[in-house]
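First up is the structure itself, then whatever we jot down about it.
The values are calculated or read from the model by the stated rules, or taken from the named source; none is laboratory data. Computed from a predicted structure; not experimentally measured. Every residue, glycine among them, receives a Cβ derived from its backbone with ideal geometry; neighbour counts consider all protein chains shown. Please note that ligands, DNA and RNA were not included when accessible areas were found on the heavy atoms of the full protein model with its side chains. Shrake-Rupley method; radii C 1.70, N 1.55, O 1.52, S 1.80 Å.
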There are 2 protein chains.
Amino acid sequence: MDFTEILGYSAGAVTSLTFLPQVIKTWKEGSAKDISLMMFIIAATNEVMWIGYGILKNDWVIILTNVIVLIMSVTMIILKLRYK
Amino acid sequence: MDFTEILGYSAGAVTSLTFLPQVIKTWKEGSAKDISLMMFIIAATNEVMWIGYGILKNDWVIILTNVIVLIMSVTMIILKLRYK
């Protein structure tokens, strides 16, 4: 595995964790007034597109990364609707 | 261009717009209490990784998408620090 590949896999791993601090903060504080519902609706729709692309390319890194981000986006949509 | 490529480019275009509704909402409302600073620090760091990967792969779709998301992430960090 060369440096480019290592950087790509590392970037993908970090991507899958991006929404985690927001999920934890919103869950703990029970407040989501300042959160954009539209952002997470776009994100969730986008993850479905990326998962479709990953399936067509048979690329498990893309599939797995985006399944994790999709779960977090849907969690944020639920939290936003609960705490709005 | 086949369906897989069209789906990939479309997904990239949507990705670049994901943070826009959050930037607009925070800018308009002047409130960022519920926003996770850590999320946007991770996102900005991650975009730099993806831009590096795009440069090494000479992939302008990856570079351009992530430059746009980096600008929005840095904007959110500035807004969060101003309105916290």
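Brief remarks follow.
- Split the accessible area of the protein assembly as shown by element, probe 1.4 Å, and carbon with sulfur accounts for 71%.
- For segment A:11-28, a reduction of at least 40 Å² in accessible area between the chain on its own and the assembled protein chains (probe 1.4 Å) is found at A:Ala11, A:Val14, A:Thr18, A:Pro21, A:Gln22, A:Lys25.
- Positive-pole candidate from A:Ala13, A:Leu70, A:Tyr53, dipole of chain A, charges at beta carbon: A:Leu70
- Our coupling estimate for segment A:68-84, obtained by passing each phi through the Karplus curve with A = 6.51, B = -1.76, C = 1.60 and θ = phi - 60°, is 5, 5, 4, 4, 5, 5, 5, 4, 5, 4, 4, 5, 4, 5, 6, 9, 4 Hz, Gly and Pro reported as x.
- Model label sites at B:Phe3 and B:Trp27, defined 7 Å from Cα along the beta-carbon direction, differ in position by 3.7 nm.
- Ellipticity at 222 nm from helices only: DSSP H runs of n ≥ 4 in chain A, each -39500 (n - 2.57), divided by the residue count, give -28000 deg cm²/dmol.
- Probing with 1.4 Å while keeping every protein chain in the model, the per residue accessible area of chain A equals 53 Å².
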